[in-house]
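Trainee: Following this message is one structure expressed as C-alpha cells.
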Amino acid sequence: MAKQEDVFKKVISHAKEYGFIFPSSEIYDGLSAVYDYGQNGAELKNNIKQYWWKAMVQLNENIVGIDSAILMHPTTWKASGHVDAFNDPLIDNKDSKKRFRADVLVEDYCLKIEEKEKKEIEKAAKRFGESFDKDQFVATNPKVLEYKTKREAILSRLARSLENEDLADVKALIEELEIADPDTGSKNWTEVRQFNLMFGTKLGASADSAMDLYLRPETAQGIFVNFLNVQKTSRHKLPFGIAQIGKAFRNEIVARQFIFRMREFEQMEMQFFVAPGTELEFYEQWKQKRLNWHLALGLGDDNYRFHDHEKLAHYANAAADIEFNFPFGFKELEGIHSRTDFDLKAHEEFSGRKLQIFDPERNENYVPYVVETSVGLDRLFLALFSHCLRDETLEDGSERTVLSLPPALAPIKAAILPLMKKDGLAEYAEQIFNDLKYDFNLFYEEKDAIGKRYRRQDAIGTPYCITIDHDSLTNHTVTIRDRDTMQQERVPVSELRRIIDEKTSFRNLLAKI
Ligand code: GAP
C-alpha cells in the first residue's frame, strides 16, 4: 500500500479515536459524506474560525462580518445561476453500476501522468546527485516534456469541452484515454450527463401551499442580497468587504476522501466590493493576502501552490485556487475569484431593486465589482490535522503520536495534572485550574501514570502539560512540559498565565500574516 494511503488512514482513525470527527449518525451506519465533530474537533474548528474571523474582521477596518440564513428566497438561486448551471458532469459505469464525476476521472488520469513525471525527476536527482539542476532537467528532458505536453493537452481539451457544454466530447476523451472504472477495470460507460448539486427542501405546512427551497450551496449569496443593508448601516465606502462563516450543502456525486468533499460543510467567505475596473488589482492583492494567512500557520511554504483557472465559472473574470499538499496530493483548499458585477446585477434584475452605490469621486452610481475569497473550513481542518499528526520514535526507543497544531488553534491549551490524587495535590491542582479556566480552555486529569497522561495530551495537540507534585504544595512551583520539545521546566504558579498566554495567544499567529 502506498505510504500516503497509510498516512490518510491513520488521520481518519486518529480523528475518531481522539474525539475529533465521527461519522454522522454512526449507530445507523452513518450517512455518506456527512460527519460530526466531536469534543476536540469542535474546539479546533472554533479556533480555526476565530483565526479567520479575527484576520478578516478585526484586522481590516473596512471588513465587517454577518451571519445570514441558510434558507433563502428561491429566486436567489435563479439569479445567481445555480438553478441552471451549478452542475457537475456525471457518468455511470454500466457494469459496476457506480457513478463518477466525468471530469474527475480525466483529472485523476492526468495526476497519474504527473506522478510519472515526478518519478523521472526523482530518478535523475538520484543519478546526478549534488550537480542535479532540476529546473534545467524539467525544461529539457524529452520524457518529462512529453508527459507534460500530454497532460496539458488533455486538461485543456477537458476545460474546453466543459465550457462548451460538449458532454459527448468528455465521454469521447474518457474512451480515447481508455479510462476504466478504478475499482473494477470496466470501460463500459454511459453518456455523460449534467447533475445539479443543490439540495431541495420545502417551506410551509401543507403540500399545496409549500414553497420549493434550496439549502444554500454557498454562503456568498447571503452576502450579496444584504450588500446594501450592510453598506447603508455600516456607512462604508468602496472598497469594503463583508465576511461570513456558515454551512453550505452540495449533493456531491462522488464524496470521497473523508472531510475533503462533504455534502454538508462550512465555508468562510469574504466578498470585497470594489469600483469597476479596479477588481483585478484587488484580486492579486487578495491572492497574496490569503496565501500569507495560510503560510502563517507554519505548515511549510512548499505545501501550498496557486492554481490559476483555465475554465472560469459563469460569474468570474479571473480565478485561482490555493492548493494544499494533502495526504492524497495537491488539491484545492481555497478559491479566490474576481466575480465581476455578475451577482449584484443579476439580483438587481430578478428583484427589481437597485443594488448600486454612489461614487462621489466618479460622480456616478454603479453596481460594484466583487473579489471573493472562499475557504472550506473542513478542508482547512483536514490540512492542519493531516499535516500536524506524526509518529515519533524517542531517544529511549519508545514511540509517541503527537498532533503539533499551532498552539493558538489547539483544542486544549494546557492540561492540569496532579501527580497523584492524595496528599492535597488534587486540591492544589484544582485551585490552579479554577484560577486559569477563565482565560484558557483547560483539561484536568488525575487518573493513570503521568507518562500515559502526557501521551494522551500529545495526541490531541495540547501545547502544555502542568504537573503538580509534593514540592508544589510548599514552594508554589509546578513542572510545565512543552508538547513539541518534551522539555520540562520548573516555574512559579504565578507565572503560568503569562507563559500559557505567550504560547497560545492568537496574537502570535495574527502578527505573522
Ligand atoms: N462562493 C464560491 C464558492 O463556493 P467553491 O470553489 O465552490 O466556491 C469554495 O468553494 C471552497 O469551499 C473550496 O475551496 C473548498 O475549500 C470548499 N468546498 C467546496 N465544496 C466542498 C465540499 N463538498 N466539501 C468540503 N468543502 C468544500
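The values are calculated or read from the model by the stated rules, or taken from the named source; none is laboratory data. These numbers were taken from a predicted model, which means no experiment stands behind them. Here the Cβ positions follow ideal geometry from the backbone for every residue, glycine too, while neighbour counts run over all protein chains shown. SASA here: full protein model, heavy atoms, side chains in, ligands and nucleic acids out. Shrake-Rupley method; radii C 1.70, N 1.55, O 1.52, S 1.80 Å.
Residue by residue, here is whether (1) closer than 28 Å to His387 by Cβ; (2) touching a Lys or Arg at 6+ places or on another chain (Cβ under 9 Å); (3) not aromatic (Phe, Trp, Tyr) holds:
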site	(1), (2), (3)
Ile223	no, no, yes
Asn226	no, no, yes
Gly241	no, no, yes
Phe249	yes, yes, no
Phe272	no, no, no
Gly277	no, no, yes
Tyr283	yes, no, no
Asn303	yes, no, yes
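Trainee: Taking the residues in segment 209-220 that are at pLDDT below 95 and in a loop (DSSP other than H, G, I, E, B) as candidates, determine which candidate is nearest to the ligand (Cβ to nearest atom).
Mentor: Looking at the filtered set, the residue picked out is Ala210.
Trainee: What pairs come out if I take residues in segment 219-242 that are more than 16 Å from Tyr369 (Cα to Cα) and pair them with residues that are open to solvent by less than 40 Å² (accessible area, probe 1.4 Å) and of a type in the set (S, T, N, Q) whose C-beta lies under 9 Å away, six or more apart or interchain?
Mentor: From segment 219-242, the pairs are Thr219/Ser68; Thr219/Gln244; Thr219/Gln267; Thr219/Ser374; Gly222/Ser68; Gly222/Thr76; Gly222/Gln244.
Trainee: Residues that are open to solvent by 20 Å² or more (accessible area, probe 1.4 Å) and under 30 Å from Arg400 (Cα atoms): find the helices (runs of 4 or more DSSP H) completely inside segment 1-110 holding 3 or more of those.
Mentor: Once the helices (runs of 4 or more DSSP H) in segment 1-110 are filtered for at least 3 residues that are open to solvent by 20 Å² or more (accessible area, probe 1.4 Å) and under 30 Å from Arg400 (Cα atoms), what remains is 3-17, 39-53.
Trainee: Would you be able to say whether some residue in segment 49-63 is in the same structural domain as Thr201 (by TED's automatic domain parsing) and more than 24 Å from the chain's Cα centre (by Cα)?
Mentor: Yes, because at least one residue in segment 49-63 is in the same structural domain as Thr201 (by TED's automatic domain parsing) and more than 24 Å from the chain's Cα centre (by Cα).
Trainee: Is it the case, given these coordinates, that His314 is within 20 Å of Leu162 (Cα to Cα) and either modelled with pLDDT under 95 or among the aromatic types (Phe, Trp, Tyr) (or both)?
Mentor: Spelling it out, His314 is indeed within 20 Å of Leu162 (Cα to Cα) and either modelled with pLDDT under 95 or among the aromatic types (Phe, Trp, Tyr) (or both).
Trainee: Could you look through segment 355-366, keep only residues that are without any contact (Cβ under 8 Å) to a residue 40 or more places away in the chain and either open to solvent by less than 20 Å² (accessible area, probe 1.4 Å) or outside any strand (DSSP E or B) (or both), and pick out the one that is nearest to Val7 (Cα to Cα)?
Mentor: The qualifying residue nearest to Val7 (Cα to Cα) is Gln356.
Trainee: Taking into account only those residues within segment 299-344 that are assigned to a strand (DSSP E or B) and touching a Ser or Thr at 6+ places or on another chain (Cβ under 8 Å), which is farthest from the ligand (Cβ to nearest atom)?
Mentor: If we take residues in segment 299-344 being assigned to a strand (DSSP E or B) and touching a Ser or Thr at 6+ places or on another chain (Cβ under 8 Å), then Ala318 is farthest from the ligand (Cβ to nearest atom).
Trainee: On to the next question. Kindly evaluate Gly352 against the criterion of being without any contact (Cβ under 8 Å) to a residue 24 or more places away in the chain and away from the ligand (no atom under 13 Å from the Cβ).
Mentor: The answer is yes for Gly352.
Trainee: Next question. Which one of the conditions (1) within 9 Å of the ligand (Cβ to nearest atom); (2) in a helix (DSSP H, G or I); (3) open to solvent by 20 Å² or more (accessible area, probe 1.4 Å) does Ile259 fail to meet, given that it meets all the rest?
Mentor: Exception for Ile259: condition (3).
Trainee: Just to be sure before I move on: is Lys134 among the basic types (Lys, Arg) and more than 34 Å from the chain's Cα centre (by Cα) in the structure I sent?
Mentor: It is false that Lys134 is among the basic types (Lys, Arg) and more than 34 Å from the chain's Cα centre (by Cα).
Trainee: Where residues in segment 421-439 are of a type outside the set (Asp, Glu) and not in a helix (DSSP H, G or I), which of them is least open to solvent (accessible area, probe 1.4 Å)?
Mentor: Gly424
Trainee: Any idea which of Ile223, Ile253, Ile242, Ile179 is within 16 Å of the ligand (Cβ to nearest atom), open to solvent by less than 30 Å² (accessible area, probe 1.4 Å) and in a loop (DSSP other than H, G, I, E, B)?
Mentor: From the options Ile223, Ile253, Ile242, Ile179, the qualifying one is Ile253.
Trainee: Next question, about the same structure. Please find, within segment 368-420, the residue that is nearest to the ligand (Cβ to nearest atom) out of those that are in the same structural domain as Glu446 (by TED's automatic domain parsing) and assigned to a helix (DSSP H, G or I).
Mentor: Checked segment 368-420; the qualifying residue nearest to the ligand (Cβ to nearest atom) is Leu409.
Trainee: Look through segment 148-166, keep the residues that are part of a helix (DSSP H, G or I) and more than 30 Å from the chain's Cα centre (by Cα), and return whichever of them is surrounded by the fewest Cβ atoms within 10 Å (Cβ to Cβ).
Mentor: So, considering only residues that are part of a helix (DSSP H, G or I) and more than 30 Å from the chain's Cα centre (by Cα), the one surrounded by the fewest Cβ atoms within 10 Å (Cβ to Cβ) is Thr149.
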